[in-house]
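For reference, the structure discussed in these notes is given below.
The values are calculated or read from the model by the stated rules, or taken from the named source; none is laboratory data. In this text the structure is predicted, and so the values were computed from the model without any measurement. With ideal geometry, Cβ positions are generated from the backbone for all residues, glycine too; neighbour counts draw on all protein chains shown. The protein model used for the area step is the full one, side chains on, heavy atoms only, and it has no ligands, DNA or RNA in it. Shrake-Rupley method; radii C 1.70, N 1.55, O 1.52, S 1.80 Å.
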Amino acid sequence: MEGFFITFEGPEGAGKTTQIKMLEPWLASKGRQYITTREPGGTPLAEKIRDVVKHYNNSGEQVYDKTELLLFAASRAQHVHFLIRRELDAGKVVLCDRFTDSTLAYQGYARNGNIKFIEALNHYAVEGLKPNLTILMDLPPSSGRERTSHRPETQGVHDRLEAETLDFHEKVRQGYLELARKNPDRIKTVDASRNPEQIHVDIIKILEEQYEF
Ligand code: T5A
């Protein structure tokens with residue numbers, strides 16, 4: 001059986017991690033082997049980059065936009081080369097919490113980065129790998145912030161990117177919606193403002209009806 005690559009995208013607090021956890025037992029019930037991974041991160045080195053890019057907070061030195069972009073790309077190259085490719089080649093379903101669209105939405109649309117350059121950098125980092133399916137979990141930034149402010153896992157503390165303004169996060173959201181318009185075959189948008197069970201049903205429907213899971 002061929003591997004199948006599913007990425008989950010969306011603004012902060014959209015519920016990506018929650019939905020991935022709900023999808024795991026469903027995939028197992030279908031007899032599919034899977035792994036779950038995330039970006040930035042997924043390998044020991046990429047996880048170190050994750051820590052820097054999320055939490056570097058030195059009042060004497062800002063993280064420059066180009067540095068931020070390259071750190072995400074470096075983490076991704078490591079992740080694809082040493083983990084994702086191998087698992088897809090082994091025939092597994094790979095569930096990935098964020099991927100290339102995050103870089104376009106955050107470093108591209110929200111930080112006014114050069115979209116063409118970021119597309120090329122993404123392509124370079126992943127050596128041409130594309131998700132079979134991307135679930136875009138759409139949510140207004142104010143709702144996402146409300147959720148992350150009460151997130152028990154981090155005691156409501158916001159990291160460097162989460163702490164950006166609501167205006168920044170609205171640009172992230174609009175960037176994602178633009179990406180979904182440009183890639184209708186790959187990116188499927190679900191309304192993430194509903195309860196987790198309703199969203200899970202939508203995701204399963206997409207997999208069963210459009211991908212014959
Ligand atoms: N980034 C990442 C870039 O800028 N460029 C890049 O190229 C990449 C790859 C990653 C950060 O890096 C940025 C984006 C991010 O800022 P992260 O910790 O992985 O950091 O950030 P998120 O993926 O946004 O993680 P979150 O935890 O914030 O969001 P999730 O995974 O979407 O949400 P989840 O499932 O953890 O849920 C958050 C809270 O909401 C509740 C949960 O119980 C939890 O408390 N919740 C719901 N509440 C109500 N209704 C629902 N349907 C709910 N679903 C979950």
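Some observations on this one:
- First in the range 9-28 and without any contact (Cβ under 8 Å) to a residue 60 or more places away in the chain, second anywhere and open to solvent by 50 Å² or more (accessible area, probe 1.4 Å), Cβ under 9 Å, 6 or more apart: 21/36; 28/34
- In the range 62-76, residue farthest from residue 104 (Cα to Cα) [restricted to those that are open to solvent by less than 40 Å² (accessible area, probe 1.4 Å) and within 19 Å of the chain's Cα centre (by Cα)]: 75
- Yes/no for residue 46 being in a helix (DSSP H, G or I), among the hydrophobic types (A, V, I, L, M, F, W, C) and more than 14 Å from the ligand (Cβ to nearest atom): no
- Residue count for the range 144-194, restricted to those that are within 14 Å of the ligand (Cβ to nearest atom), of a type in the set (Ser, Thr, Tyr) and over 22 Å from residue 50 (Cβ atoms): 2
- Qualifying residue in the range 142-163 (condition: free of Cβ contacts under 8 Å to residues at least 40 places away in the same chain, over 22 Å from residue 21 (Cβ atoms) and in a helix (DSSP H, G or I)): yes
- The set of residues in the range 167-210 that are in a helix (DSSP H, G or I), touching a strand residue (DSSP E or B) at 6+ places or on another chain (Cβ under 8 Å) and not small (Gly, Ala, Ser) comprises 173, 176, 177, 179, 199, 202, 203, 206, 207, 210.
- Any hit, the range 2-24, residues being among the polar types (S, T, N, Q), open to solvent by 30 Å² or more (accessible area, probe 1.4 Å) and assigned to a loop (DSSP other than H, G, I, E, B): no
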